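Please treat every number below as a calculation from the coordinates, not as lab data. If you're wondering where the values come from, they're calculated on a predicted model, not measured in any experiment. Counting neighbours? That spans all protein chains shown, and the Cβs are built from the backbone with ideal geometry, glycine included.
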Amino acid sequence: ALFTDPADILADKQYHYIVVGAGPGGSVVASRLSEDPQTNVLLIEAGPSDEGVLPIEVPYLAYELQPNTTHDWNYTTTPQTGLDGRAVIYSRGRVLGGSSSINVMAYTRSSRDDFDRYAAVGGDQGWSWDAIEPYYRKLEHLVPPVDHHNTSGQVEWQIHGTRGPLNITVANAPFPIDSHVVATTQELSEEYPYNEDMNSGYPLGIGWAQATYGNGIRATASSSYIRPVISRPNLDVLINTITTKILRSRHSDEAGVPVFSGVEVAQSSTSPTFAFNATKEVVLSAGAINTPQLLLLSGIGPRAHLASLGIETVVDLPAVGQNLADHPRVGNQFSVASAQDDLGDTIGRNSTLFDELLQEWEEKRQGVMANGGTNHIGWLRLPADDPIWETEEDPSAGPAAPHYEFLFRPAFASSIPGTPTPATGNFMTVLAVLVSPTSAGSVTLSSASPFAPPVIDPAFLSTPFDVYTMRAAIRSAARFVLSAQTWDGFVTGQGAGFADVDLNDDAAVDKWARAQASTIWHPTGTARMGGCGYVEEGSVVDPDLRVRGTEGLRVVDASVFPFIPAAHPQAAVYAFAERAADLIKSGRRFC
Ligand SMILES: Cc1cc2nc3c(=O)[nH]c(=O)nc-3n(C[C@H](O)[C@H](O)[C@H](O)COP(=O)(O)OP(=O)(O)OC[C@H]3O[C@@H](n4cnc5c(N)ncnc54)[C@H](O)[C@@H]3O)c2cc1C
């Protein structure tokens, strides 16, 4: 059942599991655990219901969901030294479905090497690509695009699941740039090879994007895992309610380890608090920003930081909130000769056209509104003989993993939220994203109040490798568009703010990167997984995702990745959560 007020839940209600946060991590766990009718589950979400919210349903309207909306936590980072002291708007979903309800829907599974490195770090082959790949098939429902075009050569159907809860599909509305992107992969095939399906474990190259929508409607952790099962008598979903603390039971276990067995919640800083009890476990799935915040508020984290805020240390775990990794992105614009080839700005500048397209979506669930904003994605590596390797070790997970990414947009797109589209001119954009960053940031508390925003420092572009690779990625984006003949006459040159950047001048490219970089919303690593004996090396959870030094407490969300996936991470979070649910059900103790 759905509850909007904790006062409506009977005070003596017994739960086996309490799951905090209804994003991909928490929704999968709550849904799978409640498959057993004997298991009572409470899922607590800070935000409201996602039901009936038009921009959540209409794929093309994804960019209306952030920043500064009621479905966003509306965070901001600390001033970033690597970005000339600029603070960055830092959106996180605050709604049923979590960030999957406000994200831009790219569905990318990561490389085989990413998962094999997780398995190596955890010492548990269960996190390897070969072991996780069946979970991808289990969670996916690959559906045909709504325009029924022939998808051969665009997606490998046989490597995907077709019966899982989460709809995914390939782009279902053609963009004017599509044929040129594909033609470039033929013309410059050595540097930019075509990849028929980037979700095979081998993502390198350029290919058609897959995304979390289907039949014209966005698919989220809520629409796929929670709403279809919300009538289960053993699943309670409590929305509009913030978990303020994880509660310790009065007794430690026989070995003196603190036992966590419940949560404290409140609807606002002025409303009454309530406590709920879990007889088996509390599962934290509040995401890579709020999970470490909750651990710290509950006395689990670096002792000195906790002491500075007057919080009693229950478990001294130095890595809580550390190792924040994220992917910085820079939008690089190009001028396009013809207005009709600038699809996004044509729609943005013509409200009649916008209304017609929305009506087409309302009537038929088809057309541009049934599509996301990106039809092609590229995953690329610095060359093997790049001079950077004389001074730097390769931070990627292995030869199948990329260092940087391209996202192609048929519009003016800025990486600085809120930047207005120029009043005149026609554009396309190649976003360059650094997906193998070595910068490591942190999430800490600003106050002992659970209602105060945490201090978020992703430390963007703070290492020589990151600055170098972002520079290489921006130059590569320009090479893709300006050196392939297919774009002759279509593109007239660098455009908008990017027009003034002298690509031959390292300092000029770096200046552009530092001025334009912002998050592509992929924070991970703040409660990272380590192997059985690795506490001293700075992990927070063990290979079962149990919080070290505690009983009854687990983390299942993007915080646990020991290294940031070199991909858009939602797919990996869904897959990790599917396996975590099996681990919880089995009661396994790996260490
Ligand atoms: C704007 C945006 C665009 C993105 N685009 C993509 C994309 O295209 N492709 C992709 O793969 N990934 C994308 N991502 C990232 C992806 O959505 C996340 O990696 C993924 O959702 C993480 O899942 P999670 O379960 O770890 O956390 P989240 O999805 O963030 O869910 C955490 C949930 O916990 C709730 N919560 C937090 N604190 C509390 C508390 N104290 N009490 C109760 N509830 C709480 C939150 O409100 C939220 O609902 C994007 C993210 C954003 C914000």
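Legend: translational diffusion of region 1-86 by Stokes-Einstein, Rh = Kirkwood radius over C-alpha pairs, 4 °C, 1.567 mPa s; D = 81 µm²/s. Within 12 Å, Cβ to Cβ, of ALA411, how many net charges do the neighbouring residues add up to if Lys/Arg are +1 and Asp/Glu are -1? That works out to -1. Taking Cα atoms only, the orientation of helix 287-297 departs from the longest principal axis of the chain by about 30 degrees.
Based on C-alpha pairs under 8 angstrom that are at least 6 apart in sequence, region 486-591 has a relative contact order of 21 percent. Dimensions of region 462-591 from C-alpha coordinates, computed as largest minus smallest value along each principal axis and given longest first, are 62, 30, 19 Å. Note on region 360-459: Cα-only Rg and Dmax are 19.8, 58 Å.
Taken over the C-alpha atoms, region 228-337 has Rg and Dmax values of 19.0, 73 angstrom. Put simply, the C-alpha atoms of region 269-386 give a gyration tensor, and the ellipsoid matching it has half-axes of 47, 26, 14 Å, longest first. Lysine pairs in the chain whose alpha-carbon atoms fall under 30 angstrom of each other, counting only those eight or more residues apart or on distinct chains, come to 9.
The convex hull drawn around the Cα atoms of region 476-525, when projected onto a plane and averaged over every direction, covers 5.1 nm².
Here the mean projected area of the convex hull built on the C-alpha positions of region 290-347 is 6.8 nm². Here ALA131 and THR352 are evaluated by their C-beta separation; at R0 = 60 Å the FRET efficiency comes out at 0.70. Axis of helix 24-33 versus longest Cα principal axis of the chain: the two differ by about 50°, to the nearest ten degrees. This ranking places VAL330, VAL257 by how few other beta-carbon atoms lie within 10 Å of each, fewest first, which gives VAL257, VAL330. The alpha carbon radius of gyration of the chain, expressed as a multiple of 2.2 N^0.38 Å, is 0.93. Cβ crowding within 10 Å ranks THR419, THR486 as THR419, THR486, fewest other Cβ atoms first.
Rounded to the nearest 10 degrees, the angle from helix 129-139 to the longest Cα principal axis of the chain is 90 degrees. I want to make sure I understand the PRE zone here: with the label point 7 angstrom from the Cα of HIS148 toward its beta carbon, which residues in region 197-227 have backbone N atoms less than 17 Å away? Answer for region 197-227: 215-216. Taking all Cα-Cα distances within region 253-303, those exceeding 13 Å account for 70%. Normalising by the residue count of the chain, find the relative contact order in percent from Cα pairs under 8 Å and 6+ residues apart. Answer for the chain is 22 percent. Averaging 1/r across all pairs of distinct Cα atoms in region 528-591 and inverting the result yields a Kirkwood radius of 12.1 Å. Taking other C-beta atoms within 10 Å as the exposure proxy, VAL433, VAL509 rank VAL509, VAL433 from fewest upward. Site pair SER268 and ASP5 shows an inter-label distance of 1.4 nm when each label is modelled 7 Å from Cα along Cα→Cβ. As a rough guide to protection, the peptides 371-378, 92-99, 566-573 ranked by mean Cβ packing within 10 Å, highest first, stand as 92-99, 566-573, 371-378. Shape summary: region 78-176 maps onto an equivalent ellipsoid whose semi-axes, from the alpha-carbon gyration tensor, are 29, 24, 15 Å in decreasing order. For the chain, the mean residue ellipticity at 222 nm estimated from helices alone is -6500 deg cm²/dmol, where every DSSP H run of n ≥ 4 contributes -39500 (n - 2.57) and the total is divided by all residues, rounded to the nearest 500. Quick one: check the C-alpha center-to-center distance for region 361-395 versus region 185-204, whole angstrom. Cα centres, region 361-395 to region 185-204: 11 Å. Just how far, in whole angstrom, is region 229-252 from region 23-71 if you go by their alpha carbon centroids? A separation of 15 Å, based on Cα centres.
When the gyration tensor of region 390-527 is built from Cα positions, what are the square roots of 5 times its three eigenvalues, in whole Å, from largest to smallest? The equivalent ellipsoid of region 390-527 has semi-axes of 30, 21, 13 Å. Convex hull volume of the C-alpha atoms in region 125-262, normalised per residue: 219 Å³. Peptide packing for 263-276, 434-447, 379-392 was compared via the average number of neighbouring C-beta atoms within 10 Å per residue; ordered from the highest value, the list is 434-447, 263-276, 379-392.
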